[in-house]
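Each remark here refers to the structure printed beneath this line.
No lab work stands behind these numbers, since they all come straight from the coordinates. Model, not experiment: these values are computed from the prediction. Using ideal geometry, Cβ is built from the backbone for each residue, glycine included, and neighbour counts are taken over all protein chains shown.
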Amino acid sequence: EGGKVGPDLNVPQNILGYRPEEQVRAYIRDPRTFRYSAMPPHPGLTAKDLDGLIAYFRVMGEHQHDPEGEK
């Protein structure tokens, strides 16, 4: 779940459902190039690290938990 440091990337819609994968990778590396945010840049992530995160986002999209939707 997202919070004060970073946005929720899975609910109500998974980030890969509305953003191209390359844009998501670029956002993770430096979110401030897209919007002002408290989320820090991650310039040291390797392509393999980003591949792992993208794979994780895909799995998250298949197993969404929306605490706001349960009210």
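Observations on the model:
- A simple charge model with +1 on the Cβ of Lys and Arg, -1 on the Cβ of Asp and Glu and nothing else charged puts the dipole of the chain at about 320 debye relative to its Cα centre.
- Nearest-ten-degree value, helix 47-62 long axis tilted from longest Cα axis of the chain: 10
- Counting only Cα atoms, the size of the chain along its three principal axes is 38, 24, 17 Å, in decreasing order.
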